[in-house]
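Heads up, the thing below is written out as structure tokens.
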Amino acid sequence: MTTNYDDFSVDIDFSDTERERRWREVRWRMDHAGLDALLVWGNETKWQAGLANNRYLSGRVAPGCILFPLEGEPVIWSGFPHDVTPYGALAGGWIQDTRAGQQTTRDIIKTLKDRNYNSAAIGVVGFGTTRPRVISETVPYQQFSEIKTALAQVQFIDSAWLLEQARLIKSAEEIAVLRRAGALAREMAHAMYDSAVVGAHEYQVYAAMLHASLSRGGEEEMNWMSSGAVPPPHGKRPPSSARRLEAGDIIVSEYHARYKGYLAGAEISISLGKPKKEYEEIHEICVASQLSGIAAMKPGRPFADAVLAFRKPIIDAGFSSVECGLHGHGLASPEFPSTMYGGKGGAWEEHAYARIPSINFQENMVFATASDVFNPEWSEKTGLMLGRTIVITADGPEEITGIPLESQLKVV
């Protein structure tokens, strides 16, 4: 049966088979690493990116701590007592043993002792992420300190890599959910085009985009947006401003559509009226960068090939970038592998985000791309954004939002 990802009346959800697949993928890695259990902490930092591992294991938005054993049933401590009732926030998740997350340290310690983990090797997930470290730490210091003190013989091992590795290659069910998120991202772009009219408040454009997703089954997510006659080369964090759009304005935006926790991203720039030739020139380079980089995202090819291909048109034009490249996408943004800084004309060469990982593209990897470009000979204070979401298929890279790259600059 073929799924119509544009039919928003049809829900797409995960099966028990998907839960079993995920738990199996995590457990063989635990066994290989010599771990008896994982303690996985997550919170809602960075638009729920800090919840990626919890959601991957539990199938729910579940801030708090998960005990995930090599053998046996997991436990989750999350929320208030009413959240773990059959009608509460964790209803319908994959973990049956759900316990309130308030004042739970003693219960975590007791459970670890009851399961004979007194001298076990326990992986800790939540000490920030592996490269690049853009997700902040989610392990509560006081709680973890008390657990370590009570279980002095336990080896606690930083194991964030294990879950990130398990999440790297998406399953068929994950890809289906991501394709629905891509369709939502396209609807958000249409809402932006329709609502961005002279006299509208910037926050009205933001609200229209959010409504386009939520009204079709999406979840709330981020939208970095800036507007003006000379917008910065990267949008700013929410909340959006109250300024009214004027003729000649440019709007730059980076946003996500989220479905079942999975993110499809897009970066778009539109002009209210015919843009200055300098913006048209920047937009041409943005498009060239995207086409060049995406073409290199083929299974079996080195990740570095695509990074350099995204950069080449920008360098050849003598332009510069705030962000340029690609990063993994799924339950979080970014995911490994990621390179968005660095290179000639790029930014922050010493940052971990500038490092190019030594990995080849594989089928069912998913990425967001970005070409946030400015012309330093004209102005370093303004530029345009362009980016999309790519699934690596057996036949090559496939863009899943369906938003055209070449026809973004709007004339009204």
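Overview of values
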{"item": "Helix 303-316 vs. the chain, principal-axis angle (Cα, 0 to 90°, nearest 10)", "result": "20"}
{"item": "Protection proxy ranking, peptides 283-292, 326-335, average beta carbon neighbours within 10 Å, highest first", "result": "326-335, 283-292"}
{"item": "Angle in degrees between helix 277-295 and the longest Cα principal axis of the chain, rounded to the nearest 10", "result": "40"}
{"item": "Percent antiparallel among DSSP beta bridges (both partners in the chain, rounded to 5)", "result": "80"}
{"item": "Taking PHE310, PHE68 and counting other C-beta atoms within 10 Å, the order from fewest to most", "result": "PHE68, PHE310"}
{"item": "Distance between the stretch 226-258 and the stretch 164-221 - C-alpha centres, whole angstrom", "result": "16"}
{"item": "Share of alpha-carbon pairs per 10 Å distance bin for the stretch 172-399, given as whole %", "result": "9, 34, 36, 19, 2"}
{"item": "Debye intensity ratio in log₁₀ form over the Cα atoms of the stretch 16-168, taken at each q of 0.14 Å⁻¹", "result": "-0.63"}
{"item": "Cα long-axis angle, helix 16-33 against the chain (0 to 90 degrees, to the nearest 10)", "result": "70"}
{"item": "Separation between Cα centres of the stretch 330-354 and the stretch 71-110, rounded to whole Å", "result": "36"}
{"item": "Other-chain or far-sequence residues with amide H under 5 Å of THR393's (modelled H)", "result": "ASN364, GLU398"}
{"item": "Theoretical ellipticity at 222 nm over the chain - DSSP helices of four or more residues, -39500 (n - 2.57) apiece, nearest 500", "result": "-10000 deg cm²/dmol"}
{"item": "Alpha-carbon radius of gyration plus Dmax, which is the widest Cα pair, for the stretch 276-412 in Å", "result": "14.3, 45"}
{"item": "The stretch 39-90: proportion of alpha-carbon pairs further apart than 13 angstrom, %", "result": "56"}
{"item": "Overall dimensions of the stretch 94-173 by Cα: Rg and Dmax, Å", "result": "14.6, 43"}
{"item": "Per-selection metrics, the chain (Cα): Rg and Dmax in Å", "result": "22.3, 70"}
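Where a number appears in this text, it was derived from the coordinates with a stated rule and is not lab data. The shown structure was predicted, so the numbers you read here are calculated from the model rather than taken from an experiment. Backbone-built Cβ (ideal geometry, glycine too); neighbour counts: all protein chains shown.
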